[in-house]
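Accompanying notes for the structure given below.
The values are calculated or read from the model by the stated rules, or taken from the named source; none is laboratory data. Just so it is clear, the model here is predicted, and its values are computed rather than measured. Just so you know, the surface numbers come from the protein's heavy atoms only, side chains and all, with ligands and any DNA or RNA stripped out. Shrake-Rupley method; radii C 1.70, N 1.55, O 1.52, S 1.80 Å.
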Amino acid sequence: MARQFAAVDELLDDALELPVPGKDKTVRVYRIEAPSADDGLRIQRLMTSATRMVESGEEIDTEALDDAEELDLYRTALGSAYDALRTEVDWAWLKHTALTCVFWVVADTETAERFWAAGGDPEKVAPAQNRAQRRAGASSAVENKTKRRASTSGTSTRQATARKRKAVSKD
């Protein structure tokens, strides 16, 4: 029999409300609705590709996301709030708000909150690692998982001290 799951409407965050200072210095709260499934998948695909490039130490392919595509990503992430934000806030706040929404879509609310609070500084969101540190971490992980080669002679390297003691104590 199939198991019935409870509705989780109240558990899923369907919108973010972000306080953004406008060009006139007035702070307004913008409500950004969750993107459609197709838009969410598109954002996820773009971010996964960028993350792989960064983690592998590759240079970011700027051809992959030109200025128009960057703005389209922001428009997609911000949804219906995009037009108001574009006219009411400066570029830095538009970008920060959009990237916060991108982190919300690809990760979760907590990650988006950390990014927002860090002012977009990636060093404050997650500690940076250079390529040498990543490689060192990867090689030590491999070393820890690598088993030592077993004896090929059919004998064990383990000493049978318990049997030896038992035999000696019986005498």
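For the set D24, D38, the ranking by accessible area, highest first and with no ligand, DNA or RNA atoms included, is D38, D24 under a 1.4 Å probe.
Taking amide H as placed 1.01 Å from N in the peptide plane, the amide H of V89 sits under 5 Å from that of K23, each at least 5 places away or on another chain.
Between A118 and any residue 5 or more places off or on another chain, the built amide H atoms are never under 5 Å apart.
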